[in-house]
Amino acid sequence: MKRLHRTATAAALALPVVAAGTASALPAPVPVTAPATPGSVARAETPQLPRPTGPYAVGRHSLHLTDPSRPDPWVPEAGARELMVTLYYPARAGTGTPARYATAEEIRLLLEFQNLDATVPPETLSATGVHSRVNARPSEGGSHPLVVLSPGFSVSRFTLTALAEDLASRGYVVAALDHAYESAGAAFPGGRMLTCVACDTIKEAEDYGVATTVRAQDVSFLLDRLTGSSPAWRYAHIIDRKRIGMAGHSLGGASAGSAMAGDSRVRAGINMDGSFHGSVPPEGLDGRPFMMLGTEALHHPGGEDDSWDTAWEHLDGWKRWLTLAGADHFTFTDAPLLAEAFGLPAPELSAERSIDLTRAYASAFFDQHLRGIPRSLLDGPTAANPEVRFNNP
């Protein structure tokens with residue numbers, strides 16, 4: 001995340017939920033300036049994520065994964081690298097139990113990290129309404145493409161809940177990751193709350209390239225555990241191992257490039273407003289498709305973040321470079337909706353449009369490249385979506 005582009009929208013990013021399931025087993029973050037009077041909230045209704053748009057109900061299950069082959073890069077004395085994963089999947093309606101959006105403690109830590117702990121009540125935000133159900137039975141028949149989601153640096157996997165639920169409702173299995181010690185607060189088994197040690201460790205621009213490589217290794221390990229001979233998830237049989245994609249926000253989006261460069265199993269990727277940090281190599285991605293989806297202010301051709309111009313030149317397969325007018329860095333997450341709910345300043349692009357556009361273009365991309373279903377939405381500008389600009393230098 002660009003330091004100068006962290007905005008007040010981040011106030012609403014206190015999202016991490018951890019249903020402490022078990023499995024067999026970047027520019028530097030900066031606190032935002034809170035515009036509201038401390039202790040006051042313009043509105044305090046419980047936020048509700050919009051309903052998913054697909055035909056399936058959505059199940060949710062959480063996994064804790066440990067990779068004994070790698071020490072944690074940020075806290076080596078902690079031992080093996082750990083991940084928390086939430087799996088969203090097409091489910092049978094009426095099964096499972098209601099999911100929580102977030103724990104109050106995870107939210108409190110993120111609000112504290114953003115200097116907003118006196119502005120937004122964590123208990124209200126933790127009650128945000130979601131549409132997935134824990135341990136719901138998977139829908140009958142068939143296998144589904146897998147999409148990995150990686151969040152921005154210093155924030156949790158649950159910043160992408162609205163997108164994850166929508167993709168699952170459309171027939172995808174979604175694996176949303178928390179990378180240990182890379183968020184303001186994420187709950188791990190044993191009552192541990194891991195905070196953002198990496199935020200204090202990463203000092204230089206090149207360190208973010210190291211971070212994308214670490215995340216790419218996390219993704220490869222995740223795929224081993226989900227698609228190997230002894231999968232960690234009880235419903236792993238519903239994953240189509242030959243149809244795997246990845247999307248991410250900010251550092252997570254850059255990591256989609258690194259994951260594709262390092263692992264041929266990842267067939268398609270999306271970077272949502274992240275500086276690439278060299279994650280797309282000069283030789284390209286073996287012709288695999290990639291979409292760049294960003295803010296018009298920062299990520300237009302020739303813009304301030306020239307890593308997008310470089311990545312565009314390196315991409316050697318189907319590619320799109322889309323920017324959204326009126327968007328800010330967190331437009332592609334749940335943040336705008338949560339900011340609106342609490343009366344905090346939000347970007348020009350409304351929360352409803354932010355979520356609708358992110359869902360529409362991400363699902364169209366994965367439909368076309370993981371399912372082989374052509375989507376005309378990706379062919380060029382449409383009158384229905386005037387905010388979306390196709391940049392094809």
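Readers should treat all values here as calculations from the given coordinates under stated rules, not as data from a laboratory. No experiment lies behind these values; they were computed from the predicted model shown. Ideal geometry is used to build each Cβ from the backbone, glycine not excepted, and the neighbour counts take in all protein chains shown.
Annotations for the structure displayed:
- Separation of the range 79-136 from the range 249-287 is 27 Å, based on Cα centroids.
- Selection from Gly343, Ala311, Leu223 lying farthest towards where the dipole of the range 3-390 points positive, charges on Cβ: Leu223
- Proximal charge balance of Ala162 [Cβ under 14 Å; K/R count +1, D/E count -1]: 0
- Three semi-axes describe the equivalent ellipsoid of the range 3-390; taken as square roots of 5 times the Cα gyration tensor eigenvalues and ordered largest first, they are 26, 25, 22 Å.
- Computing FRET efficiency as 1/(1 + (r/R0)^6) for Thr97 and Ser230, where r is the C-beta to C-beta distance and R0 is 25 Å, gives about 0.40.
- Label-point gap, in nm, between Ser350 and Arg70 - each point 7 angstrom along Cα→Cβ: 4.2
- Local electrostatic count, Ile270, Cβ distance below 13 Å [Lys/Arg +1, Asp/Glu -1]: +3
- Separation of alpha-carbon centers, the range 346-377 and the range 211-245, rounded to whole Å: 24
- A helix-only calculation puts the chain at -7500 deg cm²/dmol for mean residue ellipticity at 222 nm, using -39500 (n - 2.57) for each DSSP H run of at least four residues, averaged over all residues.
- Radius 12 Å from Cβ of Glu313, net charge of other residues (Lys, Arg +1; Asp, Glu -1): -3
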